[in-house]
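Written out below as structure tokens is the structure these notes cover.
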Amino acid sequence: MSSRAYGPRWRATWVALAGLLCAAAAHGHAASDSYLALDVRDEGVVDVRWDIALRDLDYVLTLDTDGDGAITWGEVRARSRTVDAYALDRLELRSAGHACLVDARDGLVDRHAEVGYYVLLARATCGPGTVRTLAVDYTLLFDADTTHRGLLKLASKAGTVAAVFAPGEHAREFRVDAQGGGATGFTAFVRSGVLHILDGWDHLLFLLSLLLPAVAVLRGATWEPAPSWRPVASDVLRTVTAFTVAHSVTFFLAALGTIELPTRGVESAIAASVVLAALNNVFRVVESNRWLVAFGFGLVHGFGFASLLNALDLPRGLGGVLPLLGFNLGVELGQLGVVALVLPALFLLRATVFYRRAVLGLGSCAIAAVGTAWFVQRAFGG
Amino acid sequence: MSAGHRTGRNGRAMLVAFTVAALWGGSLTAAPYRPATDGIVLAHVAPRDGAADVGDIGERVRTAIVRARNSGDPRELGRADALLRAAPANAFPAVERFVLQGTIDQSLHRFDAALQRFDAALAVDPGHAQARLTRATVLQVRGRLAESARDCRALARHVAPLVAATCSANVASLQGRAREAYLLLDLQLRAAGADVTPEIAGWSHAVLGGIAARLGRREAAARAYREALAANPSDRFARVSLADLLLFDQHRSAEALRVVHDAPAVDEALALREAIARRALQDPRWREIASTLQARFDVARRRGESLHLREEALYWRELRQDPVRALDTARRNWSVQREPADARLLLDCARAVGDAATEAQARSWYRATGSALPRGDGENVTVVDPAPAQEGRS
């Protein structure tokens, strides 16, 4: 190897090289974040809790006064007024065009993911009346660390919203009165629920299996068309209600973390329920009390919905109840929509041979076949 | 239709909705407190030796980049970035400014921005070895192999033969010429002997290990990774690769744990491997590590970062037994990074869920690069003999 490899240019090369390999692995430290929690109260008051990493404050304000590498509570306490002033200079709250007055009230500490934070507690006064909009301009640390982010949680009558402040996006305005963004948050969950049920073919096929025979009555060994829509409607109502109640119960139990079941088991059981419900239309084991079938298997389907929530990391416990309600409501709406589409068609077709042979017979067999394939894949696959 | 397909289609829209919800339960539920005495230590920072923050702006930026490299702390990169952006126009020669900015950008996974900087630097000074080597690596990460190979060849006139050979061999091994690349690099390493800095030796051996692994030669790969670590214990790529080989191909969890423990500093990638190994060894301490990792990933997701996607996918698959979410994360990772480890991740995650379309996508990477396809049962990697053998047996 030639000696020029050790020249200054080569040393510089190594710096880049090492940087690359580091990037290929991962970073050992959490990146720089602050957590800003704003709580809009009555009478124009906004409570502020702002958690800022002590390491970040040290970089800009030198908290470690004795330079020994350890930031002590004594050092923080001695500088807390400076810290408060520095931080609050870099946070602007405005309501209806007027700047809010922000007063620091206390300085405490906390830890997030093993990292020490300064906790600035403050109160903002945003004018005499109710706060309807709140504009937040966040510029903390962006001039010192371009990877710094401000994670906002804004609570108000309108619900809770989250936002991230970055160097390029440091100002945002929020509606915080009751007609504001909270509804869109809830609606988002309702929409998620609808999308989930419409995309969830296993749940739909199960429901369909229960609906297919609803427009016919069994006389001896043959299906005859239901005489009027009344018994059909009440049968469907019973079945759908039973399914809804059952899956709502287990959905909430699982989503709130009361019961946990293995995903593979639940998914396999759901596939099995599709098979059994469809085969029941052919072999007629349960004839009159289909709502009981709906209820029993509905319990299993509820765990299925909840396992999706787990995968999406919804907070456990009571804090997450509203989104859960929204999601579940969405599932019910989607389900009712499907019933409203399918049932009239079935009712009109109920007296035809096509219904008896193709829909009820072949349709059920096809559903059973699909369900069996799912079951094999879920229980024994990958 | 499996659960995997369901989540895949609506997953993105739902994630957005649920991210809002994730904040409702918030991470600020713990109560802040007032420490009992002044002496309580709340955080650690680098001791001030007086040297770190003085000197000209260029020196401070360079110091911050080196510190970021040594500590793995992304803050240092952000600080270097801020210093560099605020520096007056005449603080650096134009080329150096481009190279420093590009180095920061690529470390923060802003690959396209990094490529632009290196392009600009090389337009002014085509002989700038650092710019060329770094660009070659970024191009490789992005899967632009022909361009990467061109940079490696151009490098040969400006750096030591082993450096150019390592650069070229790495790319060639992904262009279906792994066997030649292995022989070439092995020869170069022998020729260089002890006359190499520990960092370069570590890097070259680690690259050799990666090529061996892609050839399906697990023992040779493990040997090369260990040589890399013997030369440079701080080589994270070698350590993580060795841990993965032991964990996922050879099922030697106890050994993987030792490899992690020997590291001078444990970062997220290594902490994750430690948790996976401990879980396999039925050591309950894995749960503690897992919860810290989850907190980190949660914050990263809220920040909209892509730095941890590779680790996060493994986390879902190995620690939370959630193959559906693992696949979703692996797919997102694939849209950012396309290194061998990312292809393997995509393949394994797709197989775990039975997602044929994604598996085909991963397989096409293996076909295109001529890499040995790991067997579906996770037990073995197809062994390709070092001597001329049948291509693409799988």
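Quick notes
- Residue in the range B:133-143 that is surrounded by 20 or more Cβ atoms within 10 Å (Cβ to Cβ) and farther than 18 Å from B:W203 by Cα present: no
- For the range B:92-100, the criterion of a residue being surrounded by 14 or more Cβ atoms within 10 Å (Cβ to Cβ), under 28 Å from A:L63 (Cβ atoms) and at pLDDT below 90 is satisfied by no position.
- Any chance B:R273 is at pLDDT 90 or above, touching a Pro at 6+ places or on another chain (Cβ under 9 Å) and buried (at least 21 other Cβ atoms within 10 Å of the Cβ): no
- Top-ranked residue of the range A:53-75 - restricted to ones that are in contact with an Asp or Glu (Cβ under 9 Å, 6 or more places away or on another chain) and among the β-branched types (V, I, T), ranked as nearest to B:R79 (Cα to Cα): A:V60
- Residue under evaluation A:G129, criteria (1) touching a helix residue (DSSP H, G or I) at 6+ places or on another chain (Cβ under 6 Å); (2) assigned to a loop (DSSP other than H, G, I, E, B), criterion not met: (1)
- Close Cβ contacts (under 9 Å, 6 or more residues apart or on different chains) running from residues in the range A:218-230 that are farther than 16 Å from A:L343 by Cα and modelled with pLDDT of 75 or more to residues that are part of a loop (DSSP other than H, G, I, E, B) and of a type in the set (A, V, I, L, M, F, W, C) comprise A:E224/A:A351.
- In the range B:164-181, the residues that are touching a residue at least 40 places away in the same chain (Cβ under 8 Å) and buried (at least 24 other Cβ atoms within 10 Å of the Cβ): B:T166, B:A169, B:N170, B:S173, B:L174, B:A178
- Residue match in the range A:52-72 (condition: within 21 Å of B:V41 (Cβ to Cβ) and more than 11 Å from every other protein chain (Cβ to nearest Cβ)): yes
- Test: B:R239 is surrounded by fewer than 22 Cβ atoms within 10 Å (Cβ to Cβ) and out of contact with any Ser or Thr (no Cβ under 8 Å at 6 or more places or on another chain): no
- Unmet requirement for B:H109, which otherwise passes all of (1) in contact (Cβ under 8 Å) with a residue 40 or more places away in the chain; (2) more than 10 Å from every other protein chain (Cβ to nearest Cβ): (2)
- So A:A122, is it touching a strand residue (DSSP E or B) at 6+ places or on another chain (Cβ under 6 Å) and free of Cβ contacts under 8 Å to residues at least 12 places away in the same chain: no
- Those residues of the range B:113-145 which are more than 11 Å from chain A (Cβ to nearest Cβ), without any contact (Cβ under 8 Å) to a residue 24 or more places away in the chain and either under 21 Å from B:S168 (Cβ atoms) or within 23 Å of the chain's Cα centre (by Cα) (or both), in sequence order: B:A113, B:Q116, B:R117, B:D119, B:L122, B:R144
- Qualifying residues in the range B:55-91 (those that are at pLDDT 80 or above and polar (S, T, N, Q)) - the one surrounded by the most Cβ atoms within 10 Å (Cβ to Cβ): B:T63
- Output for the range B:268-292, where each listed residue is touching a residue at least 24 places away in the same chain (Cβ under 8 Å) and at the interface with chain A (Cβ under 9 Å from one of its Cβ atoms): B:E268, B:A269, B:L270, B:L272
The values are calculated or read from the model by the stated rules, or taken from the named source; none is laboratory data. Fair warning: this is a prediction, and the values are worked out from it, not measured in the lab. Cβ atoms come from the backbone with ideal geometry, glycine included; neighbour counts cover every protein chain shown.
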